[in-house]
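The values are calculated or read from the model by the stated rules, or taken from the named source; none is laboratory data. What you are looking at is a predicted structure, and each value in this text was computed from that prediction instead of being measured. Glycine also receives a Cβ, built like all others from the backbone with ideal geometry; neighbour counts cover every protein chain displayed. What goes into the accessible areas is simple: the full protein's heavy atoms, side chains included, and nothing from ligands, DNA or RNA. Shrake-Rupley method; radii C 1.70, N 1.55, O 1.52, S 1.80 Å.
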Amino acid sequence: MLWKGRLAFRQYIPSKRHRFGVKFFVMCDVKTGYVLDIIVYTGSTTDIKHYEGLGVSGSVVMTMLAPHLGKGHTLYVDNWYSSPTLFQHLLSNSTGACGTVRSNRKGMPAFGCRKMQRGEVEFQENGQQLAVKWHDKRDVHVLSTVHTATMSATGKVDHLTGERKIKPDCVLDYNLKMGAVDKADMINSFVECTRKTTKWYKKIFFQLIDTAVLNGSIVHRQLTGKVITYQKYRENLMRELLEEHHTPRRPSTGGRPAVDNPLRLTARHFPCKVPQTAAQGSRTRRHCKVCLSGARRSKQRKMTKYMCLACDTPLCISPCFEEYHMLKHY
């Protein structure tokens, strides 16, 4: 998250679009993109459980995966996290893993030193882990505990040779399953609620709000089956929150009149009976607002036993209820 102000745990990562900022560790569901967990990196005080032999990156993975271990899930990670030690630890907890890996990681097997041509591949396995060196535009190293040493067609054709392109299964699966975190960042970047502020914690708060709203849109799509744009979902959410939790303005004692509350003209309204009081019981009545203050006919102090629950306003069932919710100047 971009942050150029002074902050003890601000990070500098030259390869990122925002070179200066607050670093987040994020875990997403592969199929839906739902953000499952977030850890804010604060240096040595980062809230993670340290595992011996796994280092910081491995400890981050184990901390975030703790509620999901032993359930047969598969983790996809990039080369900052991947290591044979971590993958073996996950495998012992009934959790598979696949990801790109740095060739000089401790425990990685040694591959041939010859220069490989594009499309060439070399596999090495020990019965539990598969290490792959595949040359595309450059050498790519992949480590997996859930794949075999096989190649599959990509469905594309090489425009130079006319032959079908093939890739290792682990590479195809990695390309398909990886990228949910980047996609979440991209979606939120279009409609983020973050505003310029001098306080870093406010910006983190807005970042978390955006993430929560994104998760809400994913859950809404999964439960209803309706596909609407993310921007439309945010507009609907804001409208419903305002309708549910708005605070009506108090009557003005002077000066310019307050703007009439538009919610009585737009929200959904249903009549109900006025709640009974201890003194009046079933004969409880209140003054109809339209009869008492309306401008379209002579005012009268008319009592009614009906009201609009959403507006908390007593109204005659006809025609005052309809006029109050249909006319701006009733």
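Number of residues in region 279-330 that are at pLDDT 90 or above, of a type in the set (Lys, Arg) and within 21 Å of Ala267 (Cα to Cα): the value is 1. The number of residues in region 201-226 being within 30 Å of Lys4 (Cα to Cα) and open to solvent by 90 Å² or more (accessible area, probe 1.4 Å) comes to 3. In this entry, Leu208 is excluded by the filter for residues that are farther than 22 Å from Met326 by Cα, at pLDDT 90 or above and touching a helix residue (DSSP H, G or I) at 6+ places or on another chain (Cβ under 9 Å). With the structure loaded, tell me whether Asn236 is more than 17 Å from Gly33 (Cβ to Cβ) and either over 32 Å from the mean Cα position of the chain (by Cα) or in contact (Cβ under 8 Å) with a residue 60 or more places away in the chain (or both) or whether it fails that test. The answer is no for Asn236. On the basis of being touching a helix residue (DSSP H, G or I) at 6+ places or on another chain (Cβ under 7 Å), in contact (Cβ under 8 Å) with a residue 60 or more places away in the chain and open to solvent by less than 90 Å² (accessible area, probe 1.4 Å), does Leu265 make the cut? Here the answer is yes, as Leu265 does meet what is asked. Taken over region 292-330, the criterion of being outside any loop (DSSP other than H, G, I, E, B), open to solvent by less than 60 Å² (accessible area, probe 1.4 Å) and under 23 Å from Ser282 (Cβ atoms) is satisfied by Thr304, Met307, Cys308, Thr313, Pro314, Cys320, Phe321.
Among the residues making up region 33-62, a single one is touching a residue at least 40 places away in the same chain (Cβ under 8 Å), assigned to a loop (DSSP other than H, G, I, E, B) and open to solvent by less than 50 Å² (accessible area, probe 1.4 Å): Gly33. Restricted to region 63-173, the set of strands (runs of 3 or more DSSP E) holding at least 1 residues that are open to solvent by 40 Å² or more (accessible area, probe 1.4 Å) and touching a residue at least 24 places away in the same chain (Cβ under 8 Å) comprises 74-77, 121-125, 139-144, 151-157, 164-168.
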